[in-house]
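Report on the following structure.
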Amino acid sequence: MVVREDNSTSKFRIVFDGSAKYKGISLNEYLDAGPALQSDMVGVLLRFRLYSIAVQADIMKMFLQIGLKEKDRDVTRFLWKDLSKHKFHVYRFNRVCFGLTCSPFLAMAVIRHHAELKKEVHPEAA
C-alpha cells in the first residue's frame, strides 16, 4: 500500500508488486504485457494543438474500475498477515491492480472496446 498524506483525494493506493521475486520467479515474468496501446506523447501533443476544443480525463483510478473475470482472479492471489492474531489470510483481487505488467494494456483495451461500442453514437469522441 502506498500512503500519500499530501494527496487530499486518494491518501491510500493499493499497489501489487508483480515484479517481486520468490525463489527467483515473479508474477510479471509469466504475464503477457500485451502490445503497447498507449499513444505516443508527441503525437498526442501535436493533435492537441490541431483543434480548438480538447478533452482530457483523470484516469488515476481507472485500473480499479476494471473487473477481472472470475477465472482470472486466482492469478492475483496474495497472503495478508493479520499482525494482531499472527494468522495469514488468502485474498485475491477482483479488479485490475497497479503493479502488474499487463495492467496498462488491459486499461487501454477496455477504453478501445467502449469507444468501438459507442462510435455510432459519438463518432468524434470514439
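The values are calculated or read from the model by the stated rules, or taken from the named source; none is laboratory data. Because the structure is predicted, anything quoted here is derived from the model rather than measured. Every residue, glycine as well, gets a Cβ built from its backbone with ideal geometry; the counts of neighbours run over all protein chains shown.
Which one of these is in contact (Cβ under 8 Å) with a residue 40 or more places away in the chain and either of a type outside the set (Lys, Arg) or surrounded by 11 or more Cβ atoms within 10 Å (Cβ to Cβ) (or both): 27, 83, 46? First the steps, then the outcome.
Numbers: 83 fails: in contact (Cβ under 8 Å) with a residue 40 or more places away in the chain; 46 fails: in contact (Cβ under 8 Å) with a residue 40 or more places away in the chain.
The unique qualifying residue is 27.
Identify, by number, the condition in (1) surrounded by 10 or more Cβ atoms within 10 Å (Cβ to Cβ); (2) in contact with a strand residue (DSSP E or B) (Cβ under 7 Å, 6 or more places away or on another chain); (3) outside any helix (DSSP H, G or I) that residue 20 doesn't meet.
The one condition residue 20 does not meet is (2).
Within the set of pairs 6+ apart or on separate chains, which have a first residue in region 107-126 that is within 14 Å of residue 55 (Cβ to Cβ), a second that is exposed (fewer than 10 other Cβ atoms within 10 Å of the Cβ) and among the β-branched types (Val, Ile, Thr), and C-beta atoms under 8 Å apart?
Close Cβ pairs satisfying both conditions: 125/55.
Scanning for something among the basic types (Lys, Arg), out of contact with any strand residue (DSSP E or B) (no Cβ under 9 Å at 6 or more places or on another chain) and surrounded by 10 or more Cβ atoms within 10 Å (Cβ to Cβ), does region 65-77 turn up at least one residue?
No, region 65-77 has no match at all.
Conditions tested, residue by residue: (1) in a loop (DSSP other than H, G, I, E, B); (2) aliphatic (A, V, I, L, M); (3) closer than 25 Å to residue 122 by Cα; (4) within 12 Å of the chain's Cα centre (by Cα).
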{"site": "29", "(1), (2), (3), (4)": "no, no, no, no"}
{"site": "32", "(1), (2), (3), (4)": "yes, no, no, no"}
{"site": "45", "(1), (2), (3), (4)": "no, yes, yes, no"}
{"site": "57", "(1), (2), (3), (4)": "yes, yes, yes, no"}
{"site": "81", "(1), (2), (3), (4)": "no, no, no, no"}
{"site": "85", "(1), (2), (3), (4)": "yes, no, no, no"}
{"site": "90", "(1), (2), (3), (4)": "no, yes, no, no"}
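Is region 94-101 home to any residue that is of a type in the set (D, E, K, R), without any contact (Cβ under 8 Å) to a residue 24 or more places away in the chain and over 21 Å from residue 25 (Cα atoms)?
no
Within the bounds of region 50-57, is there any residue that is touching a residue at least 24 places away in the same chain (Cβ under 8 Å), exposed (fewer than 11 other Cβ atoms within 10 Å of the Cβ) and not polar (S, T, N, Q)?
Yes: one or more hits.
Right, residue 36: in a loop (DSSP other than H, G, I, E, B), modelled with pLDDT of 85 or more and either among the hydroxyl-bearing types (Ser, Thr, Tyr) or over 30 Å from residue 125 (Cβ atoms) (or both) or not?
For residue 36, the condition - in a loop (DSSP other than H, G, I, E, B), modelled with pLDDT of 85 or more and either among the hydroxyl-bearing types (Ser, Thr, Tyr) or over 30 Å from residue 125 (Cβ atoms) (or both) - is not met.
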